[in-house]
Structure formats: C-alpha cells, structure tokens
Amino acid sequence: MTKQTTLPFSKSPKSPLPEYPDENILITLTIFSVENTLIEWCATEFIHRLCKNLNYFVKLITTGKHIQASRPHYHIMFAVSTNRQKTYKGEGLKSKIHREAKLIGCSNKEIDLMFKKIVNNGQDFKVSFVKENEPKKFKKKTINYGTEAMRYVFKEYTDNDQIEISLQEGFSTAELYAMRESANMEWRIVKKKQSDEALTAIAKKEEFDNERDYLRSHLQNYMVSSTDDTIRHTMDGIWKYTKVMYSKNRVQRIQYTQVANRAINFLVLEGYLDHNEIIIRDRIFR
C-alpha cells in the first residue's frame, strides 16, 4: 500500500511593489521665526532627517530671511529627487511633511520645544512645493522647478555678507552671490513699482478730495433751480477748477466730453440731485 504524502501549503506569490517615476520636486518651508539656532537646525539636520524618512535625496538647499513683512520669517527651499518613491498629489505631500515634522525631535530641548510649538501651530509652519514640468501660479508669478526659483530666499539681502553660507547646500559661493544679486535687483524693481503705485493712488485721492471740496464751495450759496441749470453750474465749477490746476501744472488737459458726466456724478453722490431725476431727464432727451 502506497503511503500518501501531504504537500506543503503553497503560498501565492506576493504582488510586486508599485513602481513610481523618479521625480524632481522643489519644496519650500516657511517658518515664522527668526531664532537663529532654530533655523540653523531646520536648514541642516531637520531637512536631511525629513528626506531620509521620505526616502528622498536632497540635492540643493537655500535659506534666507525676510524681515520686511507683516510677520518676519525664514524660507528654506530644498530641491529633492524622489528616488522612485511614492509621490503625493494635491495636498498630500504637505500633509505628509507636517506629520513627519511632528515626529522629528531635536536633542537640544530648547530648540525642540520651539520647533514643536511652531509645527503644532499651522500658521507658523507652512509647506509649498512645485514639481518639475508642473509650474504653479503664485502672486501673479509663475514658479518653476529649478535653481532660479531658489534665489527667492535672498531677495531682501543687499550684501553678500548677509548670506548664511552654512545654511546653503549644493552651490558654490560665487553662485550664491550671483543668486543674491539678481534676486535683490528684481525685488527692488518690484518694490519701486509698488511705491510708485502707492504714490499714484495717494495723488489721485488728493486730486479727488481737492475737486470735491472746490465744487462744494462753488455750490455753497447756489439756489438749486432746474436740473439742467444745476448741472450747468456744476460744469462751470469743474472748468474753473481745472483752469486753476492747469495754472499750477497739475493737469495738462481735460476731456470736455466727460465734464457733464463728472458734474452729474458729483451732484447725485453729494445729494444735490436725486438719481431718478437724471433717469427721467435722460429719457426725455433721448
């Protein structure tokens, strides 16, 4: 009689792990603190431990301080390769970094407490990123992956000595100096434009106030009669005011076709005329 043997249990083969493409990502940490010891630890040890946990390879790092802001802060920008590890879509990478940051501690208790406080406050530790070939819009500008974007951290630095060389990685000193110079030049152009726009807005407001006050005085003793006479009297005031401004080189011309509209706008908004009177008048004269 043949002895029956039992075959060992055969396990089904494991399904292969998914393969991911090797992607390049530029990640920016915005840390609302200017505590030097904390930033030094974040830009060096923390970044590398974070990327080790993600199995990402750190290629480049730039770090810079922005103090001309409502809340002074540091930016730490680091370019990574994902090493064919999982990448995250949408807000996934931000959430992952936030979770990992809460798990990473510092041996220095003082720094550790500062860092935990910042990370636990969602408004003090912010993450953004851009992938290679997937540009993003930010404040009317297009941000692309690459070293050009990484100079942004130096925009407020007017001198090369302001760059904290020990907090940068993957760049020569000459490259960092060139990045600082171009970033600061661009920033100064933007600041001048903003300043010019603010001065223009102030000048327009002053011009509006002056004309309004002049017309109020012009109509102070005027006895309101018909709608058309009131409009004509106000137009006369606009012409007189413009001549005064012309004599002071404050205006160069006047668009005479708009004088009537300016007069009507003033009279209605100041309450001299009711807007229904203007509507009825327009219907009559059509």
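The values are calculated or read from the model by the stated rules, or taken from the named source; none is laboratory data. Owing to the predicted nature of the structure, the values given are computational and were not obtained by experimental measurement. We place every Cβ from the backbone using ideal geometry, glycine too, and count neighbours over all the protein chains shown. For accessibility, only protein heavy atoms count, side chains too; no ligands or nucleic acids. Shrake-Rupley method; radii C 1.70, N 1.55, O 1.52, S 1.80 Å.
Would you mind finding the one in Gln220, Gln252, Gln194 that is farther than 30 Å from Asn160 by Cβ and under 38 Å from the mean Cα position of the chain (by Cα)?
Within the list Gln220, Gln252, Gln194, the selection yields Gln252.
Name every residue in segment 111-146 that is of a type outside the set (A, V, I, L, M), within 20 Å of Arg71 (Cβ to Cβ) and not in a strand (DSSP E or B), in order of residue number.
Those that are of a type outside the set (A, V, I, L, M), within 20 Å of Arg71 (Cβ to Cβ) and not in a strand (DSSP E or B): Phe115, Lys116, Lys117, Asn120, Asn121, Gly122, Gln123, Asp124, Lys139.
I'd like to check something: does segment 131-143 contain any residue that is open to solvent by 50 Å² or more (accessible area, probe 1.4 Å), in contact (Cβ under 8 Å) with a residue 24 or more places away in the chain and more than 18 Å from the chain's Cα centre (by Cα)?
Yes - at least one qualifying residue is present in segment 131-143.
Under 6 Å between Cβ atoms, at least 6 apart or on separate chains: pull out the pairs that start in segment 83-102 with a residue that is more than 16 Å from Thr30 (Cβ to Cβ) and end on any residue that is assigned to a helix (DSSP H, G or I) and of a type in the set (S, T, N, Q).
Glu100/Asn53
Looking at segment 87-110, can you tell me whether even one residue there is of a type in the set (D, E, K, R), open to solvent by 20 Å² or more (accessible area, probe 1.4 Å), touching a Gly at 6+ places or on another chain (Cβ under 8 Å) and more than 18 Å from Leu54 (Cα to Cα)?
no
With respect to Tyr157, determine if the residue is surrounded by 15 or more Cβ atoms within 10 Å (Cβ to Cβ), out of contact with any strand residue (DSSP E or B) (no Cβ under 6 Å at 6 or more places or on another chain), not in a strand (DSSP E or B) and not aliphatic (A, V, I, L, M).
Taking the combined requirement at face value, the residue satisfies it.
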